[in-house]
Amino acid sequence: MPTPITNIEAIEPKLLPGDLAIWLFIFMELLVFGIFFIIYAVVRIQNIELFNHYQLTLNRELGAANTLLLITSSYFVVRAVHAIKADNIKNCIYWLYGALAGGAGFLILKSWEYVDKFSAGINLSTNTFYMFYLSLTMFHFLHVILGMVILFAIAIKAKRGAYSAQNHLGVETGASYWHMVDLVWIILFPLVYIIR
Amino acid sequence: MRETFTKGMARNIYYGGGIFFLLVLIGLSVDTVRSLPKTDNSQNLTETVAAGKRVWEVNNCIGCHSLLGEGAYFAPELGNVYTRFGESTENIKAFIKYRPVDGIPGRRSMPQFNLTEEELEAIAQFLKYTDGIKTARNWPPNIQG
Amino acid sequence: MNTDDLQLKRATSSALLSLLNLTALPVIGFIGLLYVYSKTKPNTIDRYYAVVGIKTSLLAGIALLLVTLLVILLGGFESPLTWVYVTSYFVIVHASFILFATWTLTRSWTGEKLKRQILSK
Amino acid sequence: MKYESQGIAKMYFIAAIALFVGQILFGVTMGLQYVMGDFLFPEIPFNAARMVHTNLLIVWLLFGFMGSAYFLVPEEAERELYAPWLAKLMFWIFLVAGGLTILGYLLVPYARLAELTMNDLLPTMGREFLEQPTITKIGIVIVALAFVFNIGMTVLTGRKTVINLVLLTGLVGLAVFFLFSFYNPDNLVLDKYFWWFVVHLWVEGVWELIMASLLAYVLIKVTGVDREVIEKWLYIIIAMALISGLVGMGHHFFWIGAPAYWQWLGSVFSALEPIPFFMMTLFAFSVVNKRRRDHPNKAAVLWALGTAVMAFLGAGVWGFLHTLAPINYYTHGTQITAAHGHMAFYGAYVMVVLTMISYSMPLMRGKKAANVTAQKLEIRSFWMMTLSMVAITLLLTAAGTMQVYLQRYSAEPLPFMIVQDKLAIFYWLREVAGLIFLSGLFLYIYSFFAKGKEVEFIAEQAE
């Protein structure tokens, strides 16, 4: 990517993209998910047979499709950041909408999966495995919604001309959050759906 | 210098995070309320038990005792008192009934509440019902509460 | 980054690592401290904070682990008084170390040494 | 003091301190009842004393919060209070209602009080901390609404600063969550579940917003650090408080018959609850380090730093100590909880109100800071109260550990009352610490009347 010399970013040292406040928040989020993943792993070892048995009832194809959706939308977000850095507001908005579509696809597939489970009478209190499966994925599900709200807000602000090559902190901040949501799923998916 | 930590972002995190977790809390509360019938012993929640809860409240029992671990820690836990008293409501009633009016010299003593027979039966039934609540890991850890 | 900024950065990382060593990342934080120390030169502010961090960590290790372990060994695992002592001791000493490390961290942000009059004369 | 109506805070603060004395007197009485069971029996049984102790605490803290808001909001909003007469009227209503309720607790048996106040129409009495007769609860709601209205109008028609808005959110939350106290179902589990919506969401939720904004205000005033910096800190701290605290409520749902997932959610999120308190310490230390001036009111600076440290110890450290479900299984409802409760309330809420009083009282009496002797005495009372509270907490922790071991953990658990007898030594020492606390409090009050050399003003130094 050619970097114009006039770009302030090129001169100033930069450790993290986006606002430092969001990184504090992301750190906090990862801490929470991290603790939950560790607890999951420990409880899984203690109830290995139960977990192995009920893991098979999950729909892995849907999970894999969702992984692809999120990775693609993460890529779109990267493109959106590049677009705004090149002062191409129009493309930035298109890429953001693309990322939103990916997120929406994730939500639809996931809802389908939930409907399937709920109609089978499964809920948080069914057993330990489903408790973890539902609470972890639903917690992540809510994060996807939040991430989409953020991306949508950025798209609207971009449309109003709030961002430019010089001022793209907001886009980067939203992008950082969306990558976090994606990253959590990439860990969550194998952990809950695949690893045996 | 470029602003790397904006107040606007901190504010958004406050509002966003606050609303997000409030919604999570509401969702979990709905689920909790819906799944309570499995553990809350409501099938045994009779009129007498409800009356017993009133007796429990208007005599401020929680001011000395704890019930399922909540309350004061001056007197014994009563969440499992029914079991501790040999699964007998009569024993509970007798204990409450024969408290000395002037206390026991030098020691803690439960006041004499002058409850009627009806009230005694109600509070005993309430404590029996409470003992029937299915707490996680069957808390309290042992019979002593 | 010029030297002063780099030194300030190392000084704050030392303070942060010593705090982490006390809380979320024991041992790992200490290894980090040793690494930061190896990068510093004598008579600089970052060397100063690295040394403060290492001293705090070592002292905390002795006060929290060694003493606690000794009390348990001497007092006996099955004695309630051992636990009474260990709980109260550990909590208060651990908290004091954390508070000290927190103060160190905020001092390191200013790029000066630890000593400072908190209340005016 | 820039606005005349700020002076209303004075009556609130005086009432708060008077009730504080009452609270501690009853605390000392209860402490004695712990070791001399027949003390004042049956005239003031333990349950009545405890009710007075806890209710006075809540009422005087509310007086303190209201007084602080009346002092702070006009200055921040840069206008007089919307309706000063309403603030004065509500003061007397609240004081009389509170006083009558306390007298009711002491003069008639509780069951009789319930009868007199027609508890049967809407039974809400007899639950821990919510013992007030229903009519008093309605009174609290009216006072709170009038107060929030008054403050809200002042903020909305004046300058809207972050501190003002956060304080207002906290106060609105305080009023809203209190409404759960009117919900008292027959189902005990349901009752307990929603009881926490008042208790937890107050002390581990909206009160933290109030506390953080009061602390931020005093720190701006005494250190002269840039408002922008302090506001960022404030936002991040309260964001963390809500993020960890809302679902962190799960740590109260471990053993009351709620679903099992609360064990995990409650443990994880409440383990994060020390973070906002830790950040408050970091924040206070950092702005005091960066201060641009040495404020003549040294006592206020000390109270502010003390609040940050003691809140972290009491709410953060002592909370974390027993918040994880496997530990809480043993410690729930023992003296460990009492230890945590004492230091958390003192460190977070008592101290933040005293910080506000320490900062604002001299201003309302027409000086920038109290005289040298008075400040010296106030600082001494700070150490007396704070250190004796540390002692109380440590002694209760020791008692709690012993209790857990003997009553819950050992192979042959002993009955509650036998264990209590074995803890007598800790309770005696706690009583001694309590008496030192009481003397510290008297010294604190005396410091307001002490005469001495006025503080010399050093011109405000730039960095």
Of the listed residues (C:38, C:79, C:108), the one being under 23 Å from residue D:277 (Cα atoms) and of a type in the set (Ser, Thr, Tyr) is C:108
Of the listed residues (A:164, A:111, A:176, A:119), the one being under 23 Å from residue A:51 (Cβ atoms) and among the hydroxyl-bearing types (Ser, Thr, Tyr) is A:119
Listed by first then second residue, the pairs whose first member lies in the range A:174-185 and is more than 17 Å from residue A:20 (Cα to Cα), whose partner is of a type in the set (D, E, K, R), with beta carbons under 8 Å and at least 6 positions apart or on separate chains, are A:184/A:29
Can you spot a residue in the range D:345-353 that is closer than 21 Å to residue D:400 by Cβ and open to solvent by 10 Å² or more (accessible area, probe 1.4 Å)? yes
- Determine whether the range A:101-121 contains at least one residue that is in contact (Cβ under 8 Å) with a residue 40 or more places away in the chain and of a type in the set (Val, Ile, Thr). no
Outside any helix (DSSP H, G or I) and surrounded by 13 or more Cβ atoms within 10 Å (Cβ to Cβ): is that true of residue C:112 in this structure?
yes
All-but-one check, residue D:190 against (1) free of Cβ contacts under 8 Å to residues at least 12 places away in the same chain; (2) not in a helix (DSSP H, G or I), failing number (2)
All conditions in (1) touching a residue at least 12 places away in the same chain (Cβ under 8 Å); (2) surrounded by 13 or more Cβ atoms within 10 Å (Cβ to Cβ); (3) within 14 Å of chain D (Cβ to nearest Cβ) are true of residue A:32 except (1)
Looking at the range D:150-162, is at least one residue crowded, with 24+ Cβ neighbours inside 10 Å, in contact (Cβ under 8 Å) with a residue 12 or more places away in the chain, in the same structural domain as residue D:306 (by TED's automatic domain parsing) and not polar (S, T, N, Q)?
no
Taking the range C:16-33 and keeping residues in a helix (DSSP H, G or I) and surrounded by fewer than 23 Cβ atoms within 10 Å (Cβ to Cβ) leaves C:16, C:20, C:28, C:29, C:30, C:31, C:32
Residue pairs qualifying under the 6 Å Cβ cut-off, at least six apart or on distinct chains, with the first in the range D:267-284 being in a loop (DSSP other than H, G, I, E, B) and the second being hydroxyl-bearing (Ser, Thr, Tyr) and open to solvent by less than 10 Å² (accessible area, probe 1.4 Å), are D:272/D:244; D:273/D:244
Note: among D:285, D:197, just one is in contact with a Phe, Trp or Tyr (Cβ under 6 Å, 6 or more places away or on another chain), within 11 Å of chain B (Cβ to nearest Cβ) and surrounded by fewer than 24 Cβ atoms within 10 Å (Cβ to Cβ), namely D:197
Just one listed residue, out of D:337, D:307, D:331, D:323, is in the same structural domain as residue D:218 (by TED's automatic domain parsing), under 28 Å from residue D:377 (Cα atoms) and among the hydroxyl-bearing types (Ser, Thr, Tyr), and it is D:307
Determine whether residue A:50 is closer than 26 Å to residue B:13 by Cα and in a helix (DSSP H, G or I). no
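Condition check ((1) farther than 30 Å from residue D:35 by Cβ; (2) basic (Lys, Arg); (3) surrounded by fewer than 22 Cβ atoms within 10 Å (Cβ to Cβ)) across all residues:
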site: B:33; (1), (2), (3): yes, no, yes
site: B:37; (1), (2), (3): yes, no, yes
site: B:48; (1), (2), (3): yes, no, yes
site: B:53; (1), (2), (3): yes, yes, no
site: B:56; (1), (2), (3): no, no, no
site: B:60; (1), (2), (3): no, no, no
site: B:76; (1), (2), (3): no, no, yes
site: B:79; (1), (2), (3): no, no, no
message: Given the condition in a loop (DSSP other than H, G, I, E, B) and farther than 18 Å from residue D:128 by Cβ, answer yes or no: does some residue in the range D:43-52 qualify?
response: yes
The residue from C:88, C:57 that alone is under 26 Å from residue D:397 (Cβ atoms), among the polar types (S, T, N, Q) and within 10 Å of chain D (Cβ to nearest Cβ) is C:88
Within the range A:85-98, residues touching a Gly at 6+ places or on another chain (Cβ under 9 Å) and at pLDDT 95 or above come out as A:96
When the range B:120-145 is checked residue by residue, the ones that are part of a helix (DSSP H, G or I), surrounded by 23 or more Cβ atoms within 10 Å (Cβ to Cβ) and at the interface with chain D (Cβ under 9 Å from one of its Cβ atoms) are B:126, B:129, B:130
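Tell me, which helices (runs of 4 or more DSSP H) lie completely within the range D:328-433 with 3 or more residues that are more than 25 Å from the chain's Cα centre (by Cα)?
Hits in the range D:328-433: D:372-403, D:416-422.
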Pairing a residue in the range D:317-340 that is under 21 Å from residue D:261 (Cα atoms) with any residue that is β-branched (Val, Ile, Thr) and not in a helix (DSSP H, G or I), where Cβ atoms lie under 9 Å and the two sit 6 or more apart in sequence or on different chains, gives D:322/D:334
The condition from (1) under 21 Å from the mean Cα position of the chain (by Cα); (2) touching a residue at least 60 places away in the same chain (Cβ under 8 Å) that residue D:122 misses is numbered (1)
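Per-residue answers, yes or no, for (1) away from chain D (no Cβ under 14 Å); (2) touching a residue at least 12 places away in the same chain (Cβ under 8 Å):
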| site | (1), (2) |
| --- | --- |
| C:23 | no, yes |
| C:26 | yes, no |
| C:31 | yes, no |
| C:41 | yes, no |
| C:44 | yes, yes |
| C:66 | yes, no |
Per the filter on the range D:227-258, residues more than 7 Å from chain B (Cβ to nearest Cβ) and open to solvent by 10 Å² or more (accessible area, probe 1.4 Å) are D:227, D:229, D:233, D:251, D:252
Heads up, the helices (runs of 4 or more DSSP H) in the range B:1-118 (entirely inside) with at least 3 residues that are more than 22 Å from the chain's Cα centre (by Cα) and either hydrophobic (A, V, I, L, M, F, W, C) or at the interface with chain D (Cβ under 8 Å from one of its Cβ atoms) (or both) are B:7-35
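Quick check on this structure: which one of D:77, D:18 is in contact with a Lys or Arg (Cβ under 6 Å, 6 or more places away or on another chain), of a type in the set (Gly, Ala, Ser), modelled with pLDDT of 95 or more and surrounded by fewer than 24 Cβ atoms within 10 Å (Cβ to Cβ)?
D:77
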The condition from (1) open to solvent by less than 50 Å² (accessible area, probe 1.4 Å); (2) under 22 Å from residue D:336 (Cβ atoms); (3) within 11 Å of another protein chain (Cβ to nearest Cβ) that residue C:104 misses is numbered (2)
Original post:
Looking at this structure, is residue C:36 farther than 30 Å from residue A:34 by Cα and either outside any helix (DSSP H, G or I) or open to solvent by less than 30 Å² (accessible area, probe 1.4 Å) (or both)?
Top reply: no
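The values are calculated or read from the model by the stated rules, or taken from the named source; none is laboratory data. These numbers come from a predicted model, not from an experiment. Here the Cβ is made from the backbone with ideal geometry for all residues, glycine too, and neighbour counts use every protein chain on show. We work out accessible area using only protein heavy atoms, side chains counted, and drop any ligands, DNA or RNA first. Shrake-Rupley method; radii C 1.70, N 1.55, O 1.52, S 1.80 Å.
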